[in-house]
1. Stretched out fully, how many nm does the piece from N95 to R220 gain, at 0.36 nm a residue minus the Cα gap?
2. Which order do peptides 203-209, 156-162, 87-93, 134-140 fall in by mean Cβ count within 10 Å, highest first?
3. Tally Lys/Arg at +1 and Asp/Glu at -1 over every other residue whose Cβ is under 12 Å from the Cβ of G21; what's the total?
4. Between V82 and I161, what FRET efficiency comes out of the Förster formula 1/(1 + (r/R0)^6) with R0 = 22 Å and r the beta carbon distance, rounded to 0.05?
5. Could you give each residue of region 73-80 its phi-based ³J(HN,Hα) in whole Hz, using Karplus coefficients 6.51, -1.76, 1.60 with θ = phi - 60°, and x for Gly or Pro?
6. Once both labels are modelled 7 Å past Cα along the beta-carbon direction, what's the E153-I5 spacing in nm?
7. Give me the one-decimal nm value for the distance between modelled label points at K134 and T66, 7 Å along each residue's Cα-to-Cβ direction.
Amino acid sequence: MKSEILYPGAFPMVRVELSAGETIKAESGAMVASSPTIDVESKMEGGFLGALSRKFLTGEKFFFQTLRATRGAGEVLLAPTVPGDIVVIELDGLNEYIVQKDGFLAGAETVKIDSQMQSLSRGLLGGEGFFILKLSGKGTLVLNSFGAIHRIELKPDQEYIVDNSHLVAWSATTSYHVERAAAGWVASFTSGEGFVCRFQGPGVVYIQSRNPGGFGHWLRQFIPVSE
């Protein structure tokens with residue numbers, strides 16, 4: 001499987017080349033176009049219970065697309081729903097990634113998608129809820145964001161603070177906890193930051209340059225309110 005990001009920036013696509021018989025799974029509705037050799041199917045990743053847990057625990061869609069090069073080699077063009085960057089990660093079978101909801105775009109058939117429960121404090125304060133996605137296995141993984149993606153590589157014991165609304169994904173080798181953005185409660189909320197995540201390496205953290213909640217708040221001021 002080969003992949004290439006087209007038109008990087010606000011409105012990218014990813015082109016995936018599949019050999020005969022090769023399969024890739026993608027977020028429902030992600031396919032833009034494909035070769036005529038590609039068949040599109042709908043699949044419940046992890047079976048009914050796995051799909052059910054993702055839907056109700058993480059907010060992810062119930063079904064994934066399965067794109068298979070049934071009648072020979074071909075290519076698939078995929079794109080996310082929202083404007084933003086795309087990043088391709090090659091999983092080696094050892095490293096695992098934790099991904100925020102709506103961050104998964106596509107992955108090789110060998111990439112495993114599970115729901116992972118967070119602690120009470122992380123679930124309440126972290127902004128992602130009590131359940132998030134854990135991606136493991138071996139093969140190509142494609143993630144998307146709202147805004148540009150910035151990669152932060154942390155050395156052992158190196159710390160970095162990230163606003164929880166800007167998280168895309170982080171390697172399972174990192175540790176983190178949720179804390180107030182400022183020393184006091186009032187300053188934390190009046191600063192507009194609220195809670196942040198303090199990460200500690202080693203590992204990699206991917207962040208997005210835009211805040212979906214902040215954008216939604218800005219957009220609402222232009223929507224007429226009926227009386």
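Coordinate-derived values only; no laboratory data. For clarity, every value in this text was computed on a predicted model and none was experimentally measured. Positions of Cβ are generated from backbone atoms using ideal geometry, with glycine treated the same way; all protein chains shown enter the neighbour counts.
1. Numbers: separation 125, 0.36 × 125 = 45.00 nm, distance 3.99 nm.
Value of the extension gain: 41.0 nm.
2. So the order, starting with the most tightly packed, is 203-209, 134-140, 87-93, 156-162.
3. On the way: positive: R68, R71; negative: E22, D39, E109.
Once positives and negatives cancel, what remains is -1.
4. Taking R0 as 22 Å, the efficiency between I161 and V82 is 0.35.
5. 5, x, 10, 10, 9, 10, 8, x
6. Label at E153, label at I5, 1.6 nm between them.
7. A separation of 2.4 nm, rounded to one decimal place.
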